[in-house]
1. Taking the range 96-121 as the region of interest, how many residues are more than 14 Å from the ligand (Cβ to nearest atom) and among the aliphatic types (A, V, I, L, M)?
2. Only one residue in E86, E74, E108 is in a loop (DSSP other than H, G, I, E, B), of a type in the set (D, E, K, R) and modelled with pLDDT of 95 or more. Which one?
3. Answer yes or no as to whether R415 is within 30 Å of V266 (Cβ to Cβ) and either modelled with pLDDT of 95 or more or surrounded by fewer than 17 Cβ atoms within 10 Å (Cβ to Cβ) (or both).
4. Here's a check for you: in the range 78-122, which residue that is among the aliphatic types (A, V, I, L, M) and closer than 25 Å to S241 by Cβ is surrounded by the most Cβ atoms within 10 Å (Cβ to Cβ)?
5. Just a yes or no: is a residue in the range 78-98 within 14 Å of K261 (Cα to Cα) and touching a Pro at 6+ places or on another chain (Cβ under 9 Å)?
6. Might you check whether a residue that is over 18 Å from V189 (Cβ atoms), in contact (Cβ under 8 Å) with a residue 60 or more places away in the chain and in contact with a helix residue (DSSP H, G or I) (Cβ under 7 Å, 6 or more places away or on another chain) occurs anywhere in the range 340-351?
7. Could you tell me whether K262 is out of contact with any Gly (no Cβ under 6 Å at 6 or more places or on another chain), buried (at least 17 other Cβ atoms within 10 Å of the Cβ) and either in a loop (DSSP other than H, G, I, E, B) or at pLDDT below 95 (or both)?
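The values are calculated or read from the model by the stated rules, or taken from the named source; none is laboratory data. From a predicted model like this one, the values you see are computed outputs, not experimental measurements. Virtual Cβ from ideal backbone geometry, glycine too; neighbours counted across all protein chains shown.
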Amino acid sequence: MSTLQRRSWAEPFKIKAVEPLKMTTRAERESYIAEAGYNTFLLRSRDVYIDLLTDSGTNAMSDYQWAGMMMGDEAYAGSENYYRLEKAVQDFYGYKYLVPTHQGRGAENIISQILIKKGQYVPGNMYFTTTRLHQELSGGTFVDVIIDEAHDSQSTHPFKGNVDLKKFESLIARAGAENIAYITIGATVNMAGGQPIAMENLRAVHALASRHGIKVVLDATRAMENAFFIKKREAGYADKSIKDILREMCSYSDAATMSGKKDLLVNIGGFLALNDYDVFEEARNMVVVYEGLHTYGGLAGRDMEAMARGIEEACQLDHLQARIGQVEYVGNRLLELGIPIVKPIGGHAIFLDAKQFYPQLEQTKFPAQTLAAELYLESGIRAMERGIVSAGRNKETGDHYFPKLELVRLTFPRRVYTQAHCDVTVESVYEVWQNRSKVKGLTMVYEPKYLRFFQARFEKL
Ligand SMILES: *Cc1c(COP(=O)(O)O)cnc(C)c1O
């Protein structure tokens, strides 16, 4: 008799509103991608079937959040929704003070300007694009202190987001604690593939930083997803709630920047959260210059309400199980088919290794750009290049940077796609993998000066 393997979880929601998707033919997609210069950023969304470009602001809100949208108190000052959001941040994250911002980078701008003096260093567990840019614009120099395993796509270390304490300590010894503005801790680490940091490591980072009077600023954008990995992987946390784990994580930091467009299940919104009253005072002064009054920070009252309600929902274990479980499901199916992806499978995305798809292509033929275009051609799925195009050029020599990793990111929006969409995605990637030997690569015919991956154009070789 065969034994039935029971599923332990399914999506903890049912669908009440749908958005129809357009199916296209291969001939149509050939003309759309050529028109877009073989750059998925330049496709029109209406021509995309399954959109895995990013998980930022692309989440589906719940009926509870939509109901909250009708409860927007759109007063210029002292909106009721601000106080609701403040209470949720205090309750779930544990910080004392809240400054809302229009999205994550608004918070990064403010904290960087307040805490960084020109010439100071800002260490972090791998960079994030907007975070580092704001640190540099404030006169700081970013220093990567993540463990080496984070840069190795095949390392299966369970906490590839960990800080290498020796690297951090030697920076303190070399530069002097007074020349370090603060340390930024990403949780999870986006650029490493959505890899978590362990509680034990975070605690040690905080202890070391505190001994030297250095502040810890948490990038809490996907901190709830990080808390889920701690619960699953770290000894002593299996029986703790996500909320308790999140509170403990935040207790090892002095402030947090937040993009609500990720963890918090909204389409727009962010905040800066702080414990130090003096820094809060300054941040409140600055938010008026860049975002809006300190009780709305560039958001409508309804957006703050949706985010406050999103905090409650995002912290639910069954939500995180389904969210991270979906990414894991796709990753495991791809691994079973022998398709090369970055390991371990991260919290929000799967990264395909384009160098292994196309060993026949030199990096200057843009393997990852090619793979993203091929995937769109195959089935209308939109992914993102993370390779030589994204890396850009060295300002001094004018040469391309040649990054070690040539990846295509399949990023999953929260609560948006079904398991059937996931299966179609896996089948499409497999089809592209089967046809890999025929592919000849691309040549760049237009290159913008900054952040070229957004708008560069290519032709087929
Ligand atoms: C998206 C993101 C940000 C920036 O937030 P925005 O809301 O896009 O401005 C910062 N840090 C991380 C880790 C992110 O993923």
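1. Residues of the range 96-121 that are more than 14 Å from the ligand (Cβ to nearest atom), as a first pass: 96-99, 113-121.
Still in the list and also among the aliphatic types (A, V, I, L, M): 98-99, 114-116.
Residues that pass the stated criteria total 5.
2. Working: E86 fails: in a loop (DSSP other than H, G, I, E, B); E108 fails: in a loop (DSSP other than H, G, I, E, B).
None of the other options fit; the residue is E74.
3. Working: within 30 Å of V266 (Cβ to Cβ): yes; either modelled with pLDDT of 95 or more or surrounded by fewer than 17 Cβ atoms within 10 Å (Cβ to Cβ) (or both): yes.
The answer is yes for R415.
4. Within the range 78-122, the subset among the aliphatic types (A, V, I, L, M) is 85, 88-89, 98-99, 107, 110-111, 114-116, 122.
From what is left, the residues that are closer than 25 Å to S241 by Cβ are 85, 88-89, 98.
Working: L85: 30, A88: 20, V89: 25, L98: 26.
This residue is L85.
5. Residues of the range 78-98 that are within 14 Å of K261 (Cα to Cα), as a first pass: none.
The answer is no; no qualifying residue exists.
6. Pass one, the range 340-351, residues over 18 Å from V189 (Cβ atoms): 340.
Retained after the next criterion (residues that are in contact (Cβ under 8 Å) with a residue 60 or more places away in the chain): none.
Within the range 340-351, not a single residue is over 18 Å from V189 (Cβ atoms), in contact (Cβ under 8 Å) with a residue 60 or more places away in the chain and in contact with a helix residue (DSSP H, G or I) (Cβ under 7 Å, 6 or more places away or on another chain).
7. Values: out of contact with any Gly (no Cβ under 6 Å at 6 or more places or on another chain): yes; buried (at least 17 other Cβ atoms within 10 Å of the Cβ): yes; either in a loop (DSSP other than H, G, I, E, B) or at pLDDT below 95 (or both): yes.
So K262 passes the test.
Matching residues to (1) among the polar types (S, T, N, Q); (2) under 20 Å from the mean Cα position of the chain (by Cα); (3) at pLDDT 95 or above; (4) surrounded by fewer than 20 Cβ atoms within 10 Å (Cβ to Cβ):
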{"site": "L133", "(1), (2), (3), (4)": "no, yes, no, yes"}
{"site": "H151", "(1), (2), (3), (4)": "no, yes, no, yes"}
{"site": "D164", "(1), (2), (3), (4)": "no, no, yes, yes"}
{"site": "N179", "(1), (2), (3), (4)": "yes, no, yes, yes"}
{"site": "T184", "(1), (2), (3), (4)": "yes, yes, yes, no"}
{"site": "V217", "(1), (2), (3), (4)": "no, yes, yes, no"}
{"site": "N226", "(1), (2), (3), (4)": "yes, yes, yes, no"}
{"site": "E234", "(1), (2), (3), (4)": "no, no, yes, yes"}
